[in-house]
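Structure, as structure tokens:
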Amino acid sequence: MTLKNILLLGLLLLTSISNAQTVKDLLKKATKVLTDTTKKQSLSLNQEDIANGLKEALTIGAEKGCSKLSQTDAFLKNAALKILMPPEAQKVEKTLRGIGFNQLADDFIISMNRAAEDACKTAAPIFVKAIKEMSITDGIEILKGADSSATTYLRTKTQDSLTAKFKPIIKNSLDKVDATKYWEKIVTTYNAIPLVNKKVNPDLAAYVTEKSMLGIYTEIALQEKDIRANPVARTTDLLKRVFNKK
């Protein structure tokens, strides 16, 4: 508390005592002084403070989100994020399961989700770099927006560039966890079946990249909502100043 606030509180106490005010009234007046001071401090935020606060929230969201999604089964056992067979390959899956190749189909689905989880281990810096480049001028409108408006902004402005950077990581992870090998085996097995349409070979890396990024944006949005709604989640002074103001 500043010296000015201390003196003001002292004057209020002396005045109130002389007028025989109750303790309850004293506390109300003291609380009002402190509340007014806090409001004045929050009003001192400028656009740069707001933008930096949003960047900090998104950075925390990206780092926590990627860390969470890099855990085993983070994708596989999350019904909302689980990566299933590519839509154009669902006929392949149905056909193979129909003739007893359930394990092959299961192994492939598991390996795609493992690739996404593995790629998330190194995804955070890509997102953080994009966050740091966010324009200051968009800060105030984003702050006034919906609970996930900063995440939406990040997704709109950076999705194409992030996809280009993230896809090689996904491709490497697909190879690392044998998803590529399982897919090649599925295609070979399917093509060996008589009287089937054999022209099915989706871009596996592009598909898993899209699904992985969806998962990351979802987690960043959840972290952003938490910071906006939950004071406990505002773990730095800047986050407290920016989001308390809102």
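The values are calculated or read from the model by the stated rules, or taken from the named source; none is laboratory data. Just so we're clear, the structure is a prediction, and the values are computed from it rather than from any experiment. Neighbour counts are summed over all protein chains in view; Cβ atoms, including those assigned to glycine, are modelled from backbone coordinates with ideal geometry.
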Residue count for the range 137-148, restricted to those that are touching a residue at least 12 places away in the same chain (Cβ under 8 Å) and surrounded by fewer than 20 Cβ atoms within 10 Å (Cβ to Cβ): 5
Candidates Ser44, Ser67, filtered to the one that is modelled with pLDDT under 85, among the polar types (S, T, N, Q) and over 19 Å from Ala205 (Cβ atoms): Ser44
Failed criterion for Met134 (all others in (1) in a helix (DSSP H, G or I); (2) surrounded by 20 or more Cβ atoms within 10 Å (Cβ to Cβ) hold): (1)
Qualifying positions in the range 144-160 - assigned to a helix (DSSP H, G or I) and small (Gly, Ala, Ser): Ser149, Ala150
Test for Lys176: is it of a type outside the set (A, V, I, L, M, F, W, C), within 24 Å of the chain's Cα centre (by Cα) and assigned by TED's automatic domain parsing to the domain that holds Ile142: no
Some residue of the range 166-173 being surrounded by 14 or more Cβ atoms within 10 Å (Cβ to Cβ), free of Cβ contacts under 8 Å to residues at least 40 places away in the same chain, in the same structural domain as Thr95 (by TED's automatic domain parsing) and under 18 Å from the mean Cα position of the chain (by Cα): no
Hits in the range 86-100 - residues which are surrounded by 19 or more Cβ atoms within 10 Å (Cβ to Cβ) and outside any helix (DSSP H, G or I): Pro86
